[in-house]
Amino acid sequence: MRDRGMIKWQPAFFMPQQKESIENFYHEETKIKKPLLDEQQFEEMGIIIMESLKYTLPIYINRWESGQIYKEHGIVDKLDYLMQYIIFENNKQKIKIKIPNIISVERD
């Protein structure tokens, strides 16, 4: 008699909606709440961002977006306080990052 091995122990998804709902549930469970920052942290981040813009120094920016935290490495190319975003250049690619989504900035 031939054994099916691990196949018999794998979960069965009978409907595509079932698989989709389980994946959505897992994705919602792994989301992270946006950290709250105080005035001192904002001031330190502003200094580092302005140094990167003025002296073209590479920095790390941790940003929060849709419940996930992403770490970017590069140089600040443009800063727009009115529209609340920065243009961040890394590996010849430019990324638009919203200022309220930045949770930390570190020097390289």
inquiry  = Of the residues Ile7, Ile47, only one is of a type in the set (A, V, I, L, M), assigned to a helix (DSSP H, G or I) and modelled with pLDDT under 95; which?
reply    = Ile7
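For the stretch 69-108, how many residues meet the condition of being among the acidic types (Asp, Glu) and either under 13 Å from the mean Cα position of the chain (by Cα) or not in a strand (DSSP E or B) (or both)? Lay out the reasoning, then the answer.
Applying the first criterion (among the acidic types (Asp, Glu)) to the stretch 69-108 yields 72, 77, 80, 89, 106, 108.
Those left that are additionally either under 13 Å from the mean Cα position of the chain (by Cα) or not in a strand (DSSP E or B) (or both): 72, 108.
Qualifying residue count, the stretch 69-108: 2.
Would you pick out the residues in the stretch 50-60 that are outside any loop (DSSP other than H, G, I, E, B) and either over 19 Å from the mean Cα position of the chain (by Cα) or more than 16 Å from Ile87 (Cα to Cα) (or both)? Explain how you work it out, then say what you get.
Initially, the stretch 50-60 is screened for residues outside any loop (DSSP other than H, G, I, E, B), giving 50-55, 59-60.
The answer is Met50, Glu51, Ser52, Leu53, Lys54, Tyr55.
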query = Has the stretch 29-38 got at least one residue that is part of a helix (DSSP H, G or I), on the phi < 0 side of the Ramachandran plot and over 20 Å from the mean Cα position of the chain (by Cα)?
reply = no
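The values are calculated or read from the model by the stated rules, or taken from the named source; none is laboratory data. Because the structure is a prediction, the values reported are computed rather than measured.
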